[in-house]
Each structure stands twice: as structure tokens, then as C-alpha cells.
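Asker: There's a structure below that I have some questions on.
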């Protein structure tokens with residue numbers, strides 16, 4: 001078993017409901033809805049929503065949630081649960097499920113980032129993107145470009 005994950009974010013689906021899983025990735029979004037705390041976790045394969053029920057969670061987990069910054073690397077252990085019919089996200093491949101967080105480990109805390117990696121509508125200046133190339137390569141558009149380039153080179157060989 002891989003020490004950081006049992007599955008990648010894109011391969012989880014309704015067939016995994018009630019299974020214990022471990023995923024790792026970057027914090028794409030963070031939302032606080034009172035008793036429910038949400039983290040959207042992204043890896044190279046996809047995105048999945050994770051949830052902490054603050055009314056039942058340990059203070060240590062809630063404190064970790066409060067400290068996490070976008071693009072921090074985390075490992076989450078939890079149980080896959082089905083979303084209710086009114087919370088299903090049809091725009092997301094994993095939109096029918098979420099992970100109920102049982103353990104949250106911050107592998108690497110990010111600093112303040114100069115631009116949002118998950119903001120698909122923004123055109124940041126090229127010099128800024130080149131200066132922070134390691135962040136730029138995490139953007140979906142750049143990931144698609146790299147995969148296309150790899151496929152083209154593979155077929156040319």
C-alpha cells in the first residue's frame with residue numbers, strides 16, 4: 001500500500017461508499033459552513049470534496065482546518081459517504097460522494113501564494129507565471145498541455 005494514499009481523487013465513486021480511504025493532494029478550496037467544514041482536495045487526477053462535522057470533531061482537527069492555507073499538501077483518512085440528492089455536484093466526476101474526514105495530516109503548509117492555481121478565468125502575466133513555475137504547472141490548463149505534449153511525442157516515436 002502507498003504510504004500517502006489508497007486511491008487517487010478521481011477514482012473514487014459510489015462503489016466506494018462506506019469504505020475507509022486515504023487520499024493526498026493539494027487544498028484547492030476551503031469553506032466553513034458553521035458545523036460543516038469543507039476541503040476540496042486536488043491531485044493530478046481529479047478533485048474530491050472532504051467534510052468535517054465540527055459538532056462531532058476533535059478540537060485538534062478543527063484547529064488544523066483553521067490553519068490550512070490553499071495549496072498546502074494534506075493527507076486525509078476517512079470514510080466515503082454518499083451526498084444527499086440536493087447536494088450532488090453534477091459538474092464534478094466525484095460529485096455524488098464526499099469523504100468524512102477522520103484524520104487530517106498537514107504534510108506541507110504553503111506560504112501565501114502569488115496567484116490562485118484554481119482560478120481558470122484569470123490570465124496572469126507570463127513573467128509572474130514563469131517566476132512561480134511550480135505553481136503554474138499545477139493549473140488544469142497546464143496539466144492538459146503537458147499531457148497532450150506527452151501523447152503527441154509518444155505517437156511520433
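Asker: In the stretch 25-39, which residues are buried (at least 19 other Cβ atoms within 10 Å of the Cβ) and either in contact (Cβ under 8 Å) with a residue 40 or more places away in the chain or at positive phi (or both)?
Answerer: Of everything in the stretch 25-39, those that are buried (at least 19 other Cβ atoms within 10 Å of the Cβ) and either in contact (Cβ under 8 Å) with a residue 40 or more places away in the chain or at positive phi (or both) turn out to be 25, 26, 27, 28, 39.
Asker: Moving on to the next point. Restricting to the stretch 26-54, name every residue that is under 18 Å from residue 10 (Cβ atoms) and more than 8 Å from the chain's Cα centre (by Cα).
Answerer: 44, 45, 50
Asker: List the residue pairs whose Cβ atoms are under 8 Å apart, where the first residue sits in the stretch 1-18 and is free of Cβ contacts under 8 Å to residues at least 12 places away in the same chain and not assigned by TED's automatic domain parsing to the domain that holds residue 91, the second is part of a helix (DSSP H, G or I) and exposed (fewer than 14 other Cβ atoms within 10 Å of the Cβ), and the two are 6 or more positions apart or on different chains.
Answerer: none
Asker: Going by what's in this entry, would residue 5 be described as under 29 Å from residue 143 (Cα atoms), in contact with a strand residue (DSSP E or B) (Cβ under 9 Å, 6 or more places away or on another chain) and surrounded by 13 or more Cβ atoms within 10 Å (Cβ to Cβ)?
Answerer: yes
Asker: Right, something else. What are the residues in the stretch 75-97 that are assigned to a strand (DSSP E or B), out of contact with any helix residue (DSSP H, G or I) (no Cβ under 9 Å at 6 or more places or on another chain) and buried (at least 16 other Cβ atoms within 10 Å of the Cβ), if any?
Answerer: 75, 76, 77, 78
Asker: Can I ask one more? I need every pair where a residue in the stretch 54-80 that is in the same structural domain as residue 34 (by TED's automatic domain parsing) and touching a residue at least 40 places away in the same chain (Cβ under 8 Å) has its Cβ under 8 Å from the Cβ of a residue that is surrounded by 16 or more Cβ atoms within 10 Å (Cβ to Cβ) and assigned to a helix (DSSP H, G or I), sequence separation at least 6 or different chains.
Answerer: Going by the 8 Å Cβ cut-off, the qualifying pairs are 71/135; 80/16.
Asker: Let me ask something additional. Does residue 149 satisfy the condition of being more than 20 Å from residue 29 (Cα to Cα), surrounded by 15 or more Cβ atoms within 10 Å (Cβ to Cβ) and without any contact (Cβ under 8 Å) to a residue 24 or more places away in the chain?
Answerer: no
Asker: Also, quick follow-up: Does residue 32 satisfy being part of a strand (DSSP E or B), farther than 23 Å from residue 138 by Cβ, modelled with pLDDT under 95 and outside the structural domain of residue 119 (by TED's automatic domain parsing)?
Answerer: Criteria met by residue 32.
Asker: Here's something else I'd like to know. Just checking, does the stretch 98-120 include any residue being modelled with pLDDT under 90, surrounded by fewer than 10 Cβ atoms within 10 Å (Cβ to Cβ), within 19 Å of residue 26 (Cα to Cα) and touching a helix residue (DSSP H, G or I) at 6+ places or on another chain (Cβ under 9 Å)?
Answerer: yes
Asker: Is there a residue being in contact with a helix residue (DSSP H, G or I) (Cβ under 7 Å, 6 or more places away or on another chain) and modelled with pLDDT under 90 anywhere in the stretch 45-66?
Answerer: yes
The values are calculated or read from the model by the stated rules, or taken from the named source; none is laboratory data. All of these numbers come straight from a predicted model, not from anything done at the bench. As a convention, Cβ positions derive from the backbone with ideal geometry for all residues, glycine included, and neighbour counts pool all protein chains shown.
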